[in-house]
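Beneath this line is the structure, given in structure tokens, with notes to follow.
Each value in this text was obtained by applying a stated rule to the coordinates, not by laboratory testing. Remember, predicted model here, so these are calculated numbers, not experimental data. Positions of Cβ are generated from backbone atoms using ideal geometry, with glycine treated the same way; all protein chains shown enter the neighbour counts.
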Amino acid sequence: MSIWLDRAAAWLTLRRIRAHTIVLALCLWGACTVDFATPGLFDRAGNIKFQDFLQFPISASLIAHGRAAYLYDDHVLNQQIRAIVGRNTTVYLQYLYGPQVALPFAALLPFPFLIQAEVWVAFSLLVYFGCVYLIWKQCPALARYKSLVALTAIAYPPLFHFFVRGQLSAIVLLCFTAAYVALQAKHEWLAGIALGVLAFKPQFLVAIPIILLIAKTWKVLTGLVISAAAQLAFSYFCFGRDIMQNYAEMLLRSARNPGSTELIFSPLQMHSLRSFWELLIPSHAIVAALYMLSSLTVIAIATTIWKTSSPLALRFSALLLAAVLVNPHLYIYDLLALAPMFLLLADWSMCHAPAPPALRVLLYLAFLLPLFGPLARWTHLQLSVVAFVALLWIVYRATRLQVAHAPLEVKQS
């Protein structure tokens, strides 16, 4: 295994990585351009352009017209979708967010749906590339690879999926990026506040508060709790008890059955521990038990890493991996949140030579494998999850080695 990893790592030269990135970017965005190069709401395949974005202006419209009570009525939502499309459609969506999430989209209501979606996607792309730039600026070893970083950012598969679906993933990435920058600047309260904003997508906050609590990172945890509580309190006072109760019931339904929003193909599009076990095992009870056990294991490993004195790049990467793996409802576009991890671990591996050969190989695989998720329909194995777990283990081993050698370094100095 060690020989194979050494050979694979040696084969992954910068020239080959650049070539693969260019090919991948051309394939993804070339296909997108051809598919979207049609007039009107429908792409060449007959799907609604920016399909997932439909729920946000519709929900904003319901609130604006005093019909917020219908936010979590699937029949009303899909009735509104048919009104926008102008004909019957097989598209079926559920509004899976708090009522406060729809409020900013009220500003776009005067425009037609496609204009609204294009404005949102353009804004989200600015956020995405801004976050990549901010993290890259924190990575000294990557400073001379500006063009390669830009290419990989463009070719990142979750970016493509976020774009064609019109999702909110860029805001998740913004929260994590702001948290990392704040931690780098020793502003732990601000880091916690940034992480607390993730309450708008609470499945990302399953693992993080537990890790911070066990590690006794009190300032970050307090900021997170205050931020999340403020967001929920705002929603409660603005929309009332009944609507918030409907939201809570929807969250519970989604947690019990994560596949309910994408029907039978849902696990193929998911990339976390919950879907990994669901694809492998038909028994819901066994899946729930294995998901719980594996999640606790991941949280324990990430907590151990977080408690060390290792570089923040390693510790924060472990936090990101745990947040993604334990997330019960995570689709490929949500993997946009892992973008900082690729930059941070690549930079660390270049600053701390010789880095484990497995790290370079696993970063390459973790970047590509989400594209091949649909193959799990036949293999019943979501390989991206295996790569994420293996990356977490490599980070754990790297932190252990650093801790073991720390006394020697101090003594020599």
Whole-Hz couplings from phi, Karplus 6.51/-1.76/1.60, listed for region 85-94; x for Gly and Pro: 6, x, 6, 5, 9, 7, 4, 9, 10, 10
Within the chain, longest stretch clear of exposed trypsin sites (Lys or Arg not before Pro) (DSSP loop, no more than 14 other Cβ within 10 Å): 217-413
Rounded FRET efficiency, nearest 0.05, which uses the C-beta distance separating Val85 from Trp4 and R0 of 35 Å: 0.10
Burial ordering of Tyr364, Tyr333, fewest other beta-carbon atoms within 10 Å first: Tyr364, Tyr333
Residue exposure sequence - His284, His271, His329, His352 - by fewest surrounding Cβ within 10 Å: His284, His352, His329, His271
Lysines with Cα under 21 Å of Lys146, excluding same-chain neighbours fewer than 8 positions away: Lys137
Largest-first principal axis extents of the Cα set of region 1-87 (Å): 64, 32, 19
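Want the number for Ala150 to Asp242: 0.36 nm per residue separation, take away the alpha-carbon distance, what's left?
Working: separation 92, 0.36 × 92 = 33.12 nm, distance 4.63 nm.
28.5 nm is the gain from fully extending Ala150 to Asp242.
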Under 17 Å from the Cα of Lys216 - aspartates and glutamates, other chains or at least 8 residues apart: Glu188
Region 218-227 - phi-based ³J(HN,Hα) in whole Hz, Karplus 6.51/-1.76/1.60, Gly and Pro as x: 5, 5, 5, 5, 5, x, 4, 4, 4, 5
From phi via Karplus (6.51, -1.76, 1.60), per-residue ³J(HN,Hα) for region 121-129 in Hz, x at Gly/Pro: 5, 4, 4, 5, 5, 4, 4, 4, 5
Calculated diffusion of the chain, Stokes-Einstein form, Kirkwood radius summed over Cα pairs, 4 °C and 1.567 mPa s, µm²/s: 58 µm²/s
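Relative contact order, percent, of the chain when contacts are C-alpha pairs under 8 Å separated by at least 6 residues? Walk me through the numbers before you get to the answer.
On the way: 522 pairs, mean separation 74.7, N = 413.
Answer for the chain is 18 percent.
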Structure-based [θ]222 nm, the chain - -39500 (n - 2.57) summed over DSSP H runs of at least 4, per residue, nearest 500: -22000 deg cm²/dmol
Under the Debye formula (equal points on every Cα, no solvent term), log10 I(q)/I(0) of region 91-221 at q = 0.17 Å⁻¹: -1.08
Within a Gaussian network of the chain (alpha carbon springs, distance under 10 Å), most fluctuating of Leu391, Leu338, Leu401: Leu401
Dipole magnitude of the chain, debye to nearest 20 (Cβ charges: Lys/Arg +1, Asp/Glu -1, about Cα centre): 900 debye
Extension gain (nm, one decimal) between Lys137 and Phe234, 0.36 nm per residue minus Cα-Cα: 31.5 nm
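How much FRET efficiency would the formula 1/(1 + (r/R0)^6) give for His65 and Glu249, where r is the Cβ-Cβ distance and R0 is 22 Å, rounded to 0.05?
On the way: r = 23 Å, r/R0 = 1.05.
According to the calculation, E is roughly 0.45.
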Under 16 Å from the Cα of Lys219 - lysines, other chains or at least 8 residues apart: Lys186, Lys307
Cα-projected label distance for Leu12 with Val119, points at 7 Å along beta-carbon direction, nm: 4.2 nm
Those residues of region 125-142 whose amide nitrogen sits under 18 Å from the label point placed on Thr33, 7 Å along Cα→Cβ: none
